[in-house]
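Heads up: the structure comes next, in structure tokens.
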Amino acid sequence: MKNTSILTLLVGTVLLAPAGAAPYDPQLHETLGRTYSPKESLSKFELSPGFHLEQVATEPLINEPVLVTWDGNGQMYVAEMNRYMQDIDGKNQLDPVCQVVQLRDTNNDGIMDQRIVFADKLILPRMVQCIDDWVVIRETNTLDLYGYRDTDGDGVSDEKK
């Protein structure tokens, strides 16, 4: 790897929003209501000299991501809140249907290409942290922290403490 500053982000579809109230502008409204492909999204970022942006994961490998972390082996863990505010009333958002997925780069090209559901049946996971061979997860409406561990190497947690 080159000895340069690299900014790596989880990039999905970006929806731009105005910074403040402004008079209605039809052209701006059309732009704001538009979603962009991952490639188009990358072109919308302004970076300081010496930095560059790389796409490491996008749809369909991830679904409604809210946070990402890596373990010491380069595996990415992504919390997916696929129930958060699906409608104006937030109906069913506390159903335990969210998950943390593990993404792997199996061919060492820097792009994740394998998805494994690491932990499922979660209620809006808000914190994920890799510590040693554990992944600590905190869900909505609790201050409890649970450690999940994959003991057989298949990428799926089979121990919870």
Query raised in the report: What single numbered condition from (1) surrounded by fewer than 16 Cβ atoms within 10 Å (Cβ to Cβ); (2) among the hydrophobic types (A, V, I, L, M, F, W, C); (3) in contact with a strand residue (DSSP E or B) (Cβ under 7 Å, 6 or more places away or on another chain) fails to hold for residue 56?
Result: (1)
Query - In segment 135-158, the residues that are in contact with a Phe, Trp or Tyr (Cβ under 7 Å, 6 or more places away or on another chain) and open to solvent by 50 Å² or more (accessible area, probe 1.4 Å) - result: 149, 156
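Can you confirm whether segment 135-142 contains a residue that is closer than 19 Å to residue 59 by Cα and touching a Pro at 6+ places or on another chain (Cβ under 8 Å)? Lay out the reasoning, then the answer.
Initially, segment 135-142 is screened for residues closer than 19 Å to residue 59 by Cα, giving none.
Looking through segment 135-142, none of the residues is closer than 19 Å to residue 59 by Cα and touching a Pro at 6+ places or on another chain (Cβ under 8 Å).
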Requested in this report: State whether the residues of segment 98-111 include one that is open to solvent by less than 80 Å² (accessible area, probe 1.4 Å), in contact with a Lys or Arg (Cβ under 7 Å, 6 or more places away or on another chain) and not in a strand (DSSP E or B).
Outcome: no
Report task. Sort out which residues of segment 116-129 are open to solvent by less than 80 Å² (accessible area, probe 1.4 Å) and in a strand (DSSP E or B), and write them in order of number. Result -> 116, 117, 118, 119, 122, 125, 127, 128
Query raised in the report: Which of the residues that make up segment 106-152 are in contact (Cβ under 8 Å) with a residue 12 or more places away in the chain, among the charged types (D, E, K, R) and more than 14 Å from residue 78 (Cα to Cα)?
Result: 121, 133, 149, 150
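I'd like the full set of residues that are among the β-branched types (Val, Ile, Thr), modelled with pLDDT of 90 or more and assigned to a loop (DSSP other than H, G, I, E, B), limited to segment 53-68. Can you show your working first?
Going residue by residue through segment 53-68, those that are among the β-branched types (Val, Ile, Thr) are 56, 58, 62, 66, 68.
Add one more test, that the residue is modelled with pLDDT of 90 or more, and what stays is 56, 62, 66, 68.
If the condition is that a residue be among the β-branched types (Val, Ile, Thr), modelled with pLDDT of 90 or more and assigned to a loop (DSSP other than H, G, I, E, B), then 56, 62 are the ones that fit.
Return the residues of segment 69-96 that are outside any strand (DSSP E or B) and buried (at least 16 other Cβ atoms within 10 Å of the Cβ); say none if nothing qualifies.
Of the residues in segment 69-96, the ones outside any strand (DSSP E or B) are 71-75, 81-96.
Residues satisfying the conditions are 71, 75, 81, 83, 93.
Being more than 19 Å from the chain's Cα centre (by Cα), of a type in the set (D, E, K, R) and at negative phi is true for just one of 158, 132. Which residue is that? Don't jump to the end; show me each part of the working.
On the way: 132 fails: at negative phi.
The unique qualifying residue is 158.
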Report summary line: Going through (1) in contact with a Gly (Cβ under 7 Å, 6 or more places away or on another chain); (2) assigned to a loop (DSSP other than H, G, I, E, B); (3) under 20 Å from residue 158 (Cβ atoms) one by one, residue 144 fails only at (1)
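The values are calculated or read from the model by the stated rules, or taken from the named source; none is laboratory data. Since the model is a prediction, treat every value here as computed from it, not as a measurement. Neighbour counts are summed over all protein chains in view; Cβ atoms, including those assigned to glycine, are modelled from backbone coordinates with ideal geometry. Surface areas here come from the heavy atoms of the whole protein model, side chains and all, with no ligands, DNA or RNA. Shrake-Rupley method; radii C 1.70, N 1.55, O 1.52, S 1.80 Å.
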